[in-house]
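Report on one structure; see the data block that follows.
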């Protein structure tokens, strides 16, 4: 009789810290592969949900998959481009990867697309890296250890979310260029005078983490690989990610189809209660 597979190890904070630079290097290499693709001549296909996928998505995914297999083969990987191989539920630790978040932005010739890698332990993102290769930026964080932003040819700088602007002060809200729903519009309308910062991909999480915007609401379904890396970065930077009722999000569970029904990324965690 075949034995069931052993559960993956639960990687804790100190062990995760040793992975930060090797994972950052993978994000940089994947980003370079994306930038090397000729957007004017690339092949674009459609997924079952109608979203596009390109040869750049697959090139970045190959680099990350091969790199993780060499770096830490005992930890399973869930990637958007290989979700058919997923074996949920995930216990202990696993990597959650979006090799090219913001494919619509990439296809349209814009710069707001990212490479996302998260290490999830016991259902919660512990480490996250969000690389925006066309912007020359990387946001990365380890929960409990802090977050930082790396810019091409510059030393990494610590980042932190900012406190709520206070009574009467306008909120700065990160909103999606490609996905804006009625519930999110209602959330923004409840904050009179809110200033919208229209952005693509997980760049929005980076802007919350570095204190440029106050909140990023997405009150419509999205996928776990779109959220996990940014979740870790914002949390490490002092923010909080919840659902619309203030409850935490869980990742890797089997019963949701890897969907996050809704989330709000709060720069000031006190505002989530």
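Since every read-out is calculated from the coordinates, none of them should be taken as a lab result. These numbers come from a predicted model, not from an experiment. Methodologically, a virtual Cβ is constructed for each residue, glycine included, from the backbone with ideal geometry; neighbour enumeration extends over all protein chains shown.
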Task: Packing-based exposure ordering (other Cβ within 10 Å, fewest first) of 178, 79, 273, 223 - done: 273, 178, 223, 79
Task: Expected 222 nm ellipticity per residue - DSSP helices of 4 or more, -39500 (n - 2.57), all of the chain, to 500 - done: -7500 deg cm²/dmol
Open item on the list: Test of understanding: ordering 181, 61 by Cβ neighbours within 10 Å, fewest first, what list do you get?
Closed with: 181, 61
Open item on the list: Once you keep just the Cα pairs under 8 angstrom separated by 6 or more residues, what percentage relative contact order results for region 77-188?
Closed with: 14 percent
TODO: Take peptides 125-133, 228-236 and line them up by average Cβ neighbours within 10 Å, highest first, as a rough protection proxy.
DONE: 228-236, 125-133
Open item on the list: If a paramagnetic tag sat 7 Å from the Cα of residue 38 along the Cα-Cβ line, which residues of region 79-121 would have the backbone N under 19 Å from that point?
Closed with: 106-110
Task: Ranking of 115, 208, 37 by count of other Cβ atoms within 10 Å, fewest first - done: 37, 208, 115
Open item on the list: Could you tell me the relative contact order of the chain? Use alpha-carbon pairs under 8 Å, at least six residues apart, and round to a whole percent.
Closed with: 18 percent
Task: Among beta bridges that DSSP assigns inside region 172-272, antiparallel share in %, nearest 5 - done: 60 percent
TODO: Would you mind telling me which residue in 166, 123, 31 has the biggest mean-square fluctuation in a Gaussian network model of the chain, where springs connect alpha carbons within a distance under 10 angstrom?
DONE: 166
Task: Separation of the residue 247 and residue 152 label points, Cα + 7 Å toward Cβ, nm - done: 4.4 nm
Open item on the list: Under the √(5λ) rule applied to the eigenvalues of the Cα gyration tensor, what semi-axes describe the equivalent ellipsoid of the chain? Give them in Å, descending.
Closed with: 27, 22, 19
Open item on the list: Can you give me the Rg/Rh ratio for region 172-272, using Cα atoms for both radii and the Kirkwood formula for Rh?
Closed with: 0.93
TODO: May I ask you to give the average projected area over all directions of the convex hull of the Cα atoms of region 1-156, in nm² rounded to one decimal?
DONE: 10.4 nm²
Task: Within region 1-158, percent of DSSP bridges classed antiparallel, to nearest 5 - done: 90 percent
Open item on the list: Using Cα-Cα distances under 8 Å and only pairs 6 or more residues apart, what relative contact order does region 172-272 have, in percent?
Closed with: 30 percent
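How much length is gained if the chain between residue 195 and residue 87 is pulled fully straight, taking 0.36 nm per residue apart and subtracting their Cα-Cα distance, in nm to one decimal?
Numbers: separation 108, 0.36 × 108 = 38.88 nm, distance 4.17 nm.
Length gained between residue 195 and residue 87: 34.7 nm.
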Task: Principal axes of region 84-195: Cα extent on each, largest first, Å - done: 45, 37, 35
